[in-house]
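The values are calculated or read from the model by the stated rules, or taken from the named source; none is laboratory data. Remember, predicted model here, so these are calculated numbers, not experimental data. Here Cβ is always computed from backbone atoms with ideal geometry, including for glycine, and neighbour counts include all displayed protein chains. What goes into the accessible areas is simple: the full protein's heavy atoms, side chains included, and nothing from ligands, DNA or RNA. Shrake-Rupley method; radii C 1.70, N 1.55, O 1.52, S 1.80 Å.
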Amino acid sequence: MDIPIPQQLVSMGYDNRSFKLFLVCRQLQVINGDNPFFLSARTAGEIVDYHFTGTSKILAAMVTDGILQLISKGTGLKASRYKYIGKDF
């Protein structure tokens, strides 16, 4: 990826893979406007080439860090719904 990770995200513990997922979430929010977007950990894992358990932890960290807001937790075949609420770093 050609975009360097902002230092603020590095200091929060995010790496290249996490930053790629951050950018994907931000773009999904742009596409969805004010509406939440849906994203499963498995799909996120495919996007960033990482096991879904790892991407699940990244998504949870983004919620904890105030980058994402969890609107509804996915169950079964239904993906979680999020809103990107983080500022641009």
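Summary table below
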quantity	calculated
Residue that is nearest to GLN69 (Cα to Cα), among those in the range 30-46 that are open to solvent by less than 20 Å² (accessible area, probe 1.4 Å) and not small (Gly, Ala, Ser)	PHE37
Where GLN27 falls short, out of the listed (1) under 19 Å from ILE5 (Cα atoms); (2) open to solvent by 50 Å² or more (accessible area, probe 1.4 Å); (3) outside any helix (DSSP H, G or I)	(3)
Some residue of the range 47-57 being among the aromatic types (Phe, Trp, Tyr), open to solvent by less than 70 Å² (accessible area, probe 1.4 Å), touching a residue at least 24 places away in the same chain (Cβ under 8 Å) and not in a helix (DSSP H, G or I)	no
ILE67 aliphatic (A, V, I, L, M) and touching a strand residue (DSSP E or B) at 6+ places or on another chain (Cβ under 8 Å)	yes
Conditions (1) under 13 Å from the mean Cα position of the chain (by Cα); (2) in a helix (DSSP H, G or I); (3) without any contact (Cβ under 8 Å) to a residue 60 or more places away in the chain; number of the one not met by VAL10	(1)
Complete set of residues in the range 66-86 that are loosely packed, with under 14 Cβ neighbours inside 10 Å and closer than 19 Å to ARG17 by Cα	GLY66
